[in-house]
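The block underneath contains the structure these notes are about, expressed in structure tokens.
The values are calculated or read from the model by the stated rules, or taken from the named source; none is laboratory data. It should be emphasised that the depicted structure is a prediction, and the values quoted were computed from it without experimental measurement. Note that we place each Cβ from the backbone using ideal geometry, even for glycine, and neighbour counts take in every protein chain shown.
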């Protein structure tokens, strides 16, 4: 495959960029946009049965939070976009949110709070993301839980102007006003930057230049990009986002003398990725030969393999990656194209679609 294969379109895999990572591994996102899903109790039992040690929850859902108590399952908890305005405008609202959704559940292992998801910088919620993050951060610090819970937001990686070669990754100038202060805040609070991206979407948008095996993370399917060999598209996406973050931080001194940031020092892991197992009855995607149970099995099992070590930008076993598979179940009420409702690794009847061993 030509090296142009890595001219990918980056959308929808959630990546974590952080300065302080000690945990790696694969969790699963618990989306609840369905009217036929198992009970919360059944869902938590599946997490425990299949050794799934981390969960992403997109909003504070009290039954799920109660069911997580005492399980040790590490949680990324989201704040929906429509809740950002009050949290940004009123510190007391952030204090109340933390008291209601964090302190009420002392036996839940909270790991991250994601303040907003894929907020368009030019949309109304765009101007509320950073101040909401700041108020939530101050609230968890005041509650004396800031040492174990990181506050961040997730971005769409179409904010990138360049992604090829990965080491040349750069954010668009037009979003600099939005992303720069967020990245600086995250650096100074030693928290992750989250970014939604899927190799799947990169492939279906550029099948001429991207090899399916490369997008499925198959061994021996890599390319050379900018003089660096990339074994899979997942690594290339992570490194492109890291490079874009580094570019900002290299030109932006820290407010704190003990947190000097140099280019190449940010670290990455993923927190949302996956592959659909069906087109949902449509024939637009090569008559369904891409969205198959087999391809979903291949992708997610390869994901288990590649998180064990770092990317070319951060090599070595000590650079284990963190990621979350989307999603636990097919969600029949999820908006968008039909295939969006077929990302689950379990069917709504709680049966696994294919063998997948969590380590």
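Residues checked against (1) surrounded by fewer than 17 Cβ atoms within 10 Å (Cβ to Cβ); (2) without any contact (Cβ under 8 Å) to a residue 40 or more places away in the chain; (3) in contact with a helix residue (DSSP H, G or I) (Cβ under 7 Å, 6 or more places away or on another chain):
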residue	(1), (2), (3)
160	no, no, yes
167	no, no, yes
190	yes, no, no
205	yes, no, no
220	yes, yes, no
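Determine if the stretch 334-342 includes at least one residue that is outside any loop (DSSP other than H, G, I, E, B), more than 20 Å from the chain's Cα centre (by Cα) and either under 27 Å from residue 169 (Cβ atoms) or at pLDDT 90 or above (or both). Write out each step before concluding.
First, the residues of the stretch 334-342 that are outside any loop (DSSP other than H, G, I, E, B): 338-341.
Keeping just the survivors that are more than 20 Å from the chain's Cα centre (by Cα) gives 338.
This time we only want the ones that are either under 27 Å from residue 169 (Cβ atoms) or at pLDDT 90 or above (or both), so: 338.
Checking the stretch 334-342: at least one residue is outside any loop (DSSP other than H, G, I, E, B), more than 20 Å from the chain's Cα centre (by Cα) and either under 27 Å from residue 169 (Cβ atoms) or at pLDDT 90 or above (or both).
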If you scan the stretch 314-333, which residues turn out to be modelled with pLDDT of 85 or more, more than 18 Å from residue 197 (Cα to Cα) and assigned to a loop (DSSP other than H, G, I, E, B)? 315, 330, 331, 332, 333
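Looking at residue 299, is it farther than 22 Å from residue 220 by Cβ, touching a strand residue (DSSP E or B) at 6+ places or on another chain (Cβ under 9 Å) and not in a loop (DSSP other than H, G, I, E, B)?
Details: farther than 22 Å from residue 220 by Cβ: no; touching a strand residue (DSSP E or B) at 6+ places or on another chain (Cβ under 9 Å): yes; not in a loop (DSSP other than H, G, I, E, B): yes.
The answer is no for residue 299.
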Out of curiosity, is residue 122 at pLDDT 95 or above, at negative phi, surrounded by fewer than 21 Cβ atoms within 10 Å (Cβ to Cβ) and part of a loop (DSSP other than H, G, I, E, B)? yes
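Which of the residues that make up the stretch 184-198 are out of contact with any strand residue (DSSP E or B) (no Cβ under 6 Å at 6 or more places or on another chain) and at negative phi?
Here is the first cut: in the stretch 184-198, the residues out of contact with any strand residue (DSSP E or B) (no Cβ under 6 Å at 6 or more places or on another chain) are 184-185, 187-190.
184, 185, 187, 188, 189, listed by residue number.
Evaluate the following for residue 268: is it at pLDDT 55 or above and outside any loop (DSSP other than H, G, I, E, B)? Let's see the steps before the verdict.
Values: at pLDDT 55 or above: no; outside any loop (DSSP other than H, G, I, E, B): yes.
In short, no.
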Considering only residues that are without any contact (Cβ under 8 Å) to a residue 60 or more places away in the chain and closer than 20 Å to residue 53 by Cα, which ones fall in the stretch 330-356? 347, 351, 355
Applying the selection to the stretch 79-96, what residues are surrounded by fewer than 22 Cβ atoms within 10 Å (Cβ to Cβ) and either in contact with a strand residue (DSSP E or B) (Cβ under 8 Å, 6 or more places away or on another chain) or within 22 Å of residue 29 (Cβ to Cβ) (or both)? 80, 81, 82, 83
Is there any pair linking a residue in the stretch 303-315 that is over 16 Å from residue 237 (Cβ atoms) to one that is surrounded by fewer than 16 Cβ atoms within 10 Å (Cβ to Cβ) and at pLDDT 90 or above, with Cβ under 9 Å and at least six apart or on different chains, and which? 305/219
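Given the options 214, 235, 200, name the one that is modelled with pLDDT of 95 or more and in contact with a helix residue (DSSP H, G or I) (Cβ under 9 Å, 6 or more places away or on another chain). Even if it seems obvious, please write down each step before you answer.
On the way: 235 fails: modelled with pLDDT of 95 or more; 200 fails: modelled with pLDDT of 95 or more.
When all the criteria are applied, what remains is 214.
Conditions tested, residue by residue: (1) crowded, with 21+ Cβ neighbours inside 10 Å; (2) free of Cβ contacts under 8 Å to residues at least 12 places away in the same chain.
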{"position": "115", "(1), (2)": "yes, no"}
{"position": "126", "(1), (2)": "no, no"}
{"position": "131", "(1), (2)": "no, no"}
{"position": "136", "(1), (2)": "yes, no"}
{"position": "142", "(1), (2)": "no, no"}
{"position": "146", "(1), (2)": "no, yes"}
{"position": "151", "(1), (2)": "yes, no"}
Would you confirm whether or not the stretch 316-329 contains a residue that is in contact (Cβ under 8 Å) with a residue 40 or more places away in the chain, under 29 Å from residue 166 (Cα atoms) and more than 18 Å from the chain's Cα centre (by Cα)? no
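Sort through 163, 152 and tell me the only one that's within 22 Å of the chain's Cα centre (by Cα) and within 30 Å of residue 224 (Cβ to Cβ).
Every option except 163 fails the conditions.
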